[in-house]
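Accompanying notes for the structure given below.
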Amino acid sequence: MGDANKKPQAREVACLARELGFSPTDAQAGSLALYLDLLSSWNKRMNLVGPSKWQAIFSELVSDSLHLALFLEERMQGEPRCLDLGAGAGIPGIPLRILWDRGEYVLVEIREKRVVFLRYALSRLKLPGT
């Protein structure tokens, strides 16, 4: 998959997602790659999550959002309001929102440094209804 220190590319993220049984669109893979890049670069300064490399962040943390998106797509009807309480670095809320865009998402976080990251990430990702 290449150098672990380089920025994540959409095609690499899509490949990892396909290994888990999810087929993201090009736009979803691009947004996930951007999120992983933001998270891994901010993580160096702010210690937002345990893993430091984007591949580990994907496999250990973000992959659960893929499974949740598949589950919700099969079972959830309408336009739900989803709450991510203690949103932290935005997991599962942000990856889930990238992959499953129905309804409204509310990310709730009390720790200021994480709120700063969430606001920045959401401004870059342009996720309507979040």
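The values are calculated or read from the model by the stated rules, or taken from the named source; none is laboratory data. For clarity, every value in this text was computed on a predicted model and none was experimentally measured. Please note: Cβ atoms are built from the backbone with ideal geometry, for glycine as well, and neighbour counts cover all protein chains shown. Just so you know, the surface numbers come from the protein's heavy atoms only, side chains and all, with ligands and any DNA or RNA stripped out. Shrake-Rupley method; radii C 1.70, N 1.55, O 1.52, S 1.80 Å.
Side notes on the structure shown:
- Answer residue from the range 52-72, given it is open to solvent by less than 40 Å² (accessible area, probe 1.4 Å) and at pLDDT below 85 and is nearest to SER23 (Cα to Cα) among those: LEU66
- Inside the range 109-130, residues that are part of a helix (DSSP H, G or I), of a type in the set (A, V, I, L, M) and either over 17 Å from ALA33 (Cβ atoms) or touching a strand residue (DSSP E or B) at 6+ places or on another chain (Cβ under 7 Å) (or both) make up a count of 3.
- When residues of the range 73-95 are limited to those that are in contact with a helix residue (DSSP H, G or I) (Cβ under 8 Å, 6 or more places away or on another chain) and open to solvent by 10 Å² or more (accessible area, probe 1.4 Å), the one modelled with the lowest pLDDT: CYS82
- Only one of the numbered conditions (1) surrounded by fewer than 12 Cβ atoms within 10 Å (Cβ to Cβ); (2) of a type outside the set (Asp, Glu); (3) within 16 Å of ILE94 (Cα to Cα); (4) at pLDDT below 95 is not met by VAL49, and that is (1).
- In the range 9-25, the count of residues that are open to solvent by 40 Å² or more (accessible area, probe 1.4 Å), touching a residue at least 40 places away in the same chain (Cβ under 8 Å) and either under 20 Å from LEU125 (Cβ atoms) or in a helix (DSSP H, G or I) (or both) is zero.
- Restricted to the range 107-130, and to residues there that are among the hydrophobic types (A, V, I, L, M, F, W, C) and surrounded by 14 or more Cβ atoms within 10 Å (Cβ to Cβ), the residue that is farthest from GLY21 (Cα to Cα) is VAL115.
- Check on LEU96, over 15 Å from the mean Cα position of the chain (by Cα), closer than 22 Å to GLU19 by Cβ and not charged (D, E, K, R): no
- Residue that is farthest from ALA10 (Cα to Cα), among those in the range 92-109 that are among the aliphatic types (A, V, I, L, M) and in contact (Cβ under 8 Å) with a residue 24 or more places away in the chain: VAL108
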